[in-house]
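Notes follow the structure.
The values are calculated or read from the model by the stated rules, or taken from the named source; none is laboratory data. Here the structure is a predicted model, which is why all the values come from computation and not from measurement. Note: ideal-geometry Cβ built from the backbone for every residue, glycine included; neighbour counts use all protein chains shown.
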Ligand code: GLY
C-alpha cells in the first residue's frame, strides 16, 4: 500500500513538472535553418566559377513611386543614379565583385549556417568564398573593409583558424587605419561625392575589425582609433531623441561641414538601417571597452527604435519618416541588424529582457512566410523585402545579402542565449 502511494506521488509529481514546463516550440528555427542551408548551398553551386558573389535581385522602379515615397518632385532627382537593370535582367540575381562593400556577407552567412547546423558542405563553401576575398587585403579605397573582411575572414578565424586568416585581417586593419584623421577623430567613409570628409553612421560597423586586430596583435592602436571614431560619432551624428543623421561631413579642423542623408528620405529623417547600425555599433563598443557610456548610449538608441517602429511585426519601413501607404517598402535588413544587436545588448543591460523580447519578436517575424523565402525561390537568398537605397532607386523591396547575414547571426545569438543547438530542434 505504502509502495503504491509512493509510486502514485512520483507519477503525479512527474506529470505536474511536465505541465509546468511545456517544451518550447522551436520548429520555426529548424525551418529557417533548413531553408537557409538549402538556399545557400544552391547559390554557392550556381555562382561557383564566376569569381563573383551574390548581392541582391535586379529590380527597376517607377519614378512616381520613388517621388511619392520621398515626398519630392522628380525635378530634384538625380535620375542618372537610378540605374535600371539591363534588358532581361530584372528579377535575376545581382552579383558583385570582391571590392563591393557587401562582398563579405555571403561567405559570412555560409560560416554562420555551418556553425548552426554542423553541415560540412556549408563549411567547404564558406572557406572557398572567403578565400575569394584575399585581394581585398591590398585595398584601401573604402571604410567598408570591416564589413568585407571581418564578416568573412573574421568568422573563418573563429571557426577554422589559421595564420593566413590572421594576416589578412591585420593587413586590412592597417589599410582601414590609414583612413583615420586625427584632427577630425574619425575614419573617412567614402572617397566619392562632394563632401570634404564624409563619415556615415554605417562606419560604426567597421570598428569590430579594429577591435579584433588589436586583440590579435596586442597593438592597441587599432582599438584606440575605433574608440576615438565612436566618440566623435556620438558627439556629432545624433539628435536629442537619439535618432541619427546618415552622413556627417567634417572640415579639416574637425568642425562639422554638413549633416545629410544619402540613403534616407531626407536630411532630417531617420533612415531605418542607420538606426540599426547605431545600436549594433555602440553595443560592440561596450563589449570591447567595458565603458558604460556606450552601454547607456546603446540602450537609448534601442529604446528609441522600439518606440518609433510602429509596424505590427516590428520589421520597419525603410525610413521611419516615410509616408506609410500600402506601397511603402519594409527593410528586413534593418530588422535583422537590430535583432542581432539587441540580443547582444540584452546580455549587458540591467533591463535586458525587454531587448531580448523585442529581438525575439523581430526574429519570429523574419522567420515567417512573410519574409522567409520559399525553398528554391528568391534567387537563392534567405530573406525577402529589404531596401538598399530608395533615394538612389536601388535595391528596393528585394533580398540583400546583408539581411541574410545579420539574420543568421541573430539566430546564432538567439540559440546561444536559449542554450539550444540544431540537434535540439
Ligand atoms: N553601408 C551601406 C548601407 O547600409 O546601405
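Taking the stretch 7-57 as the region of interest, how many residues are part of a loop (DSSP other than H, G, I, E, B) and either modelled with pLDDT of 95 or more or touching a helix residue (DSSP H, G or I) at 6+ places or on another chain (Cβ under 7 Å) (or both)? Quick ask: steps written out before the conclusion?
First pass over the stretch 7-57, keeping only residues part of a loop (DSSP other than H, G, I, E, B): 21-26, 48-52.
Next, only the ones that are either modelled with pLDDT of 95 or more or touching a helix residue (DSSP H, G or I) at 6+ places or on another chain (Cβ under 7 Å) (or both) stay: 25-26, 48-52.
Residues that pass the stated criteria total 7.
Screening residue 328 with (1) farther than 19 Å from residue 69 by Cβ; (2) more than 16 Å from the ligand (Cβ to nearest atom) gives one miss only, at (1). Taken over the stretch 250-292, the residue count meeting the criterion of being over 26 Å from residue 347 (Cβ atoms), away from the ligand (no atom under 16 Å from the Cβ) and either in contact (Cβ under 8 Å) with a residue 60 or more places away in the chain or in contact with a strand residue (DSSP E or B) (Cβ under 9 Å, 6 or more places away or on another chain) (or both) is 12. Of the numbered criteria (1) more than 16 Å from the ligand (Cβ to nearest atom); (2) crowded, with 22+ Cβ neighbours inside 10 Å; (3) under 26 Å from residue 235 (Cα atoms), the one residue 338 fails is (1).
Scanning the stretch 30-54 for residues that are closer than 15 Å to residue 105 by Cα and touching a strand residue (DSSP E or B) at 6+ places or on another chain (Cβ under 8 Å) returns 43, 47, 52, 53, 54. For residue 145, the requirement of being farther than 20 Å from residue 210 by Cβ and at pLDDT 95 or above is not met.
Being assigned to a helix (DSSP H, G or I) and either without any contact (Cβ under 8 Å) to a residue 24 or more places away in the chain or farther than 22 Å from residue 319 by Cβ (or both) is a condition met by at least one residue of the stretch 80-103.
Can you find a residue that is over 20 Å from residue 60 (Cβ atoms) and surrounded by fewer than 22 Cβ atoms within 10 Å (Cβ to Cβ) anywhere in the stretch 384-395? Give the steps one after another, and end with the answer.
To start, the set of residues in the stretch 384-395 that are over 20 Å from residue 60 (Cβ atoms) comprises none.
No, because not a single residue in the stretch 384-395 is over 20 Å from residue 60 (Cβ atoms) and surrounded by fewer than 22 Cβ atoms within 10 Å (Cβ to Cβ).
Taking the condition of being touching a helix residue (DSSP H, G or I) at 6+ places or on another chain (Cβ under 9 Å) and in a loop (DSSP other than H, G, I, E, B), how many residues in the stretch 244-287 meet it?
Taking the stretch 244-287 first, the residues touching a helix residue (DSSP H, G or I) at 6+ places or on another chain (Cβ under 9 Å) are 244-248, 250, 254, 256, 259, 261-266, 270-287.
Among the residues that remain, those that are also in a loop (DSSP other than H, G, I, E, B) are: 245-246, 254, 261-266, 270.
Summing the residues that are touching a helix residue (DSSP H, G or I) at 6+ places or on another chain (Cβ under 9 Å) and in a loop (DSSP other than H, G, I, E, B) in the stretch 244-287 gives 10.
When restricted to residues that are over 30 Å from residue 45 (Cβ atoms) and within 16 Å of the ligand (Cβ to nearest atom), the stretch 345-394 contains 4. Tell me, please, whether a residue that is surrounded by 23 or more Cβ atoms within 10 Å (Cβ to Cβ) and assigned to a helix (DSSP H, G or I) can be found in the stretch 318-330. No, every residue in the stretch 318-330 fails to be surrounded by 23 or more Cβ atoms within 10 Å (Cβ to Cβ) and assigned to a helix (DSSP H, G or I).
The set of residues from the stretch 222-236 being surrounded by 23 or more Cβ atoms within 10 Å (Cβ to Cβ) and closer than 17 Å to residue 295 by Cα comprises 226, 229, 230, 233. Just one of the listed residues (350, 334, 339) is within 18 Å of residue 33 (Cβ to Cβ) and at pLDDT 95 or above, and it is 339.
Quick grid of which residues meet (1) part of a helix (DSSP H, G or I); (2) without any contact (Cβ under 8 Å) to a residue 24 or more places away in the chain; (3) buried (at least 17 other Cβ atoms within 10 Å of the Cβ); (4) within 17 Å of the chain's Cα centre (by Cα):
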{"position": "304", "(1), (2), (3), (4)": "yes, no, yes, no"}
{"position": "315", "(1), (2), (3), (4)": "no, no, yes, yes"}
{"position": "358", "(1), (2), (3), (4)": "yes, no, yes, yes"}
{"position": "376", "(1), (2), (3), (4)": "no, no, no, no"}
{"position": "397", "(1), (2), (3), (4)": "no, no, yes, yes"}
